[in-house]
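The values are calculated or read from the model by the stated rules, or taken from the named source; none is laboratory data. Computed from a prediction, not measured in an experiment: that's the story for all the values here. Ideal geometry is used to build each Cβ from the backbone, glycine not excepted, and the neighbour counts take in all protein chains shown.
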Amino acid sequence: MNRVIALLIPVLLFISKVVFPQCCSTGSPVGATVYVGVLAKNNLRFVTYFRNSYSNTYYQGNSKTEDNVPLRFSYYNFAGLAFGYGVTKRLTVEVDFGYFLNKTQEFKYIDFKETGYGLTNGGVGVKYGIYIKPSRQIEFTAGAGFRYPFTTKPQELDGVQLSRDVQPSTNAFAVNIMLFFNKGWPSVGIRLFTLNRFEYNFADKLKYQYGSVLLNSVFFSKKIIPYFFAILQVRGEWRSHDNDDGVIRENSGNYLLIVSPQLSYSVAGKWNVSVLYDFPVYKSYNGKQLTPRYSFAVSISHDFDLNRKKMKVNIETLPK
């Protein structure tokens, strides 16, 4: 069971973490705090990942619009590292870090392009296996964590503060909770698991507060051949309005329904390589916002067993 879980872990890393007004996500778009279940005791998980996202379509409500839209397109490239460690057979701790290689938006009616880059918010979390039955391939796990900014000062370029849509960090703290459920049917090579996650963002020092985020995902996994899996994720994302010093920001908050197919392969049964592609199939936005057209991600992960190996004894060499 642990091997299969290790194969599936990268898909959950690619759940978009925080996507705010316009296209670009503020804070890490790939949160390591959404790891699947708990790790075995004294096991260390390493994950590295890359995500690209591109947006070029405005929505007002659930309909496309081209009326008075300011941007031609927007996109970002993001890379991150995540680590998980099994403290006990039921308790796992996790940390993650990330870096925006760029967050770029190009305006439509003026010759201007704006780009931000740098460290996003870091994350720390814990998971506890409430109910784990490896023989039946069932796991129910709960978790909680927080995200923190490496700086509370907005990024500036040539002395001018960049807009919020291209800032690499929220410059504020956040807390989150999650529930994970997994059930496998090894006789047919099928696995079903669900992830529910809620995040609350606090205001930054400029009294700007990003909306709360609720993610609900269902995953179906099917083994194709040994070490090779096909996975389909159906994800709902709800975000509330942002608040700017007590004033609701009209063009913020949304509901998305996303279908995300993934392929995952374990090289020699050890290093897991995964790729996925996000298809938004339904969009509903408050006010007028630039929306994602597509997003794809690639990850590499590996579990290290840090338990001390027992020495092998050759009974033929023992003294008589």
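Of note:
- The one condition in (1) within 25 Å of S264 (Cβ to Cβ); (2) touching a residue at least 60 places away in the same chain (Cβ under 8 Å) that G84 fails to fulfil: (2)
- Enumeration of residues in the range 209-241 that are basic (K, R) and exposed (fewer than 14 other Cβ atoms within 10 Å of the Cβ): K222
- Each residue in the range 66-92 was checked for being farther than 18 Å from T120 by Cα, part of a strand (DSSP E or B) and in contact with a Gly (Cβ under 7 Å, 6 or more places away or on another chain), and 1 of them qualify.
- Matching residues in the range 144-160 - criterion: being of a type outside the set (D, E, K, R), in a strand (DSSP E or B) and either on the phi > 0 side of the Ramachandran plot or at pLDDT 95 or above (or both): A144, G145, F146, Y148
- Candidates Y117, Y131, Y200, filtered to the one that is part of a strand (DSSP E or B), touching a strand residue (DSSP E or B) at 6+ places or on another chain (Cβ under 9 Å) and free of Cβ contacts under 8 Å to residues at least 12 places away in the same chain: Y131
- Picking from residues in the range 184-196 that are over 16 Å from the mean Cα position of the chain (by Cα) and among the β-branched types (V, I, T), the one that is surrounded by the most Cβ atoms within 10 Å (Cβ to Cβ) is I190.
- Criterion violated by S53 - all others in (1) surrounded by fewer than 20 Cβ atoms within 10 Å (Cβ to Cβ); (2) assigned to a strand (DSSP E or B) satisfied: (1)
- Among the conditions (1) surrounded by fewer than 17 Cβ atoms within 10 Å (Cβ to Cβ); (2) closer than 23 Å to W238 by Cα, the only one that E199 does not satisfy is (1).
- Residues in the range 253-286 that are at pLDDT 95 or above and farther than 22 Å from V218 by Cβ: G253, Y285, N286.
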